[in-house]
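Undergrad: I'd like to ask some things about the structure below.
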Amino acid sequence: MIKTALGATTMALVLAGHGAFAAPKGSKAAQAARQAQQARFQTTPAPQAVVAAPSAAETPQDYKQDAARHLYAAYAPLVRKGKLEPLLYGVAIVETELDVDGKVLGVQILRPPAAPEVGPWIVRMIQAASPLPAPARMGPGRFTEIWLVERAGTFQLDTLSEGQN
């Protein structure tokens, strides 16, 4: 009975992607865990309605703060509070192009994350959160942000990151 309970706990941890337990590569448990991870990033979470006040930033570097705050407000339930876990699921460098009203004209992954399903998920989230704060002083342009994504689908942006354990 203890063996069965431990086996179920181990399987649950493997499927959830937690702990030091690892399913052997190619095993059914490993395949199921990978499919569960991929499925998490197939749907785009609906952003919360955010009224984007115009940005007073004059440079793309300064604008990143306003854009990051907007994305944090739009996806508040997915923003990781506190320090990130030691091993991130995906790290991506993303360039976003805006018009003068803050409408997202394009999103390009400059450095794709190791988990290929994370890149399109990030792109869809940025597009869905449009318009971002209007770059009133900066004018239309581009800015680059580093997305730090955890296995659970939570994230931080490097501009506002609280660090990592």
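The values are calculated or read from the model by the stated rules, or taken from the named source; none is laboratory data. Remember, predicted model here, so these are calculated numbers, not experimental data. With ideal geometry, Cβ positions are generated from the backbone for all residues, glycine too; neighbour counts draw on all protein chains shown. Side chains are part of the model used for accessible areas, which takes the heavy atoms of the whole protein and leaves out ligands, DNA and RNA. Shrake-Rupley method; radii C 1.70, N 1.55, O 1.52, S 1.80 Å.
Undergrad: Just to be sure before I move on: is A68 at negative phi and modelled with pLDDT under 95 in the structure I sent?
TA: Criteria not met by A68.
Undergrad: What number goes with the only condition from (1) in contact with a Pro (Cβ under 6 Å, 6 or more places away or on another chain); (2) modelled with pLDDT under 95; (3) open to solvent by less than 30 Å² (accessible area, probe 1.4 Å) that A23 does not pass?
TA: Going through the list (1) in contact with a Pro (Cβ under 6 Å, 6 or more places away or on another chain); (2) modelled with pLDDT under 95; (3) open to solvent by less than 30 Å² (accessible area, probe 1.4 Å), A23 breaks only (1).
Undergrad: So which residues in region 128-165 are polar (S, T, N, Q) and either part of a loop (DSSP other than H, G, I, E, B) or surrounded by 15 or more Cβ atoms within 10 Å (Cβ to Cβ) (or both)?
TA: S130, T144, T154, Q156, T159, S161, N165
Undergrad: Which one of these is part of a helix (DSSP H, G or I), modelled with pLDDT of 90 or more and either touching a Gly at 6+ places or on another chain (Cβ under 7 Å) or loosely packed, with under 13 Cβ neighbours inside 10 Å (or both): P77, P86, P113, P120? I'd like the intermediate steps shown before the answer.
TA: Details: P86 fails: part of a helix (DSSP H, G or I); P113 fails: part of a helix (DSSP H, G or I); P120 fails: either touching a Gly at 6+ places or on another chain (Cβ under 7 Å) or loosely packed, with under 13 Cβ neighbours inside 10 Å (or both).
Sole residue among the options that is part of a helix (DSSP H, G or I), modelled with pLDDT of 90 or more and either touching a Gly at 6+ places or on another chain (Cβ under 7 Å) or loosely packed, with under 13 Cβ neighbours inside 10 Å (or both): P77.
Undergrad: Follow-up. From the residues in region 43-65 that are open to solvent by 30 Å² or more (accessible area, probe 1.4 Å) and touching a strand residue (DSSP E or B) at 6+ places or on another chain (Cβ under 7 Å), which one is modelled with the lowest pLDDT?
TA: P60
Undergrad: Then there is this: Collect the residues in region 76-96 that are touching a helix residue (DSSP H, G or I) at 6+ places or on another chain (Cβ under 8 Å) and over 19 Å from P54 (Cα atoms), keeping them in residue-number order.
TA: V79, Y89, G90, A92, V94
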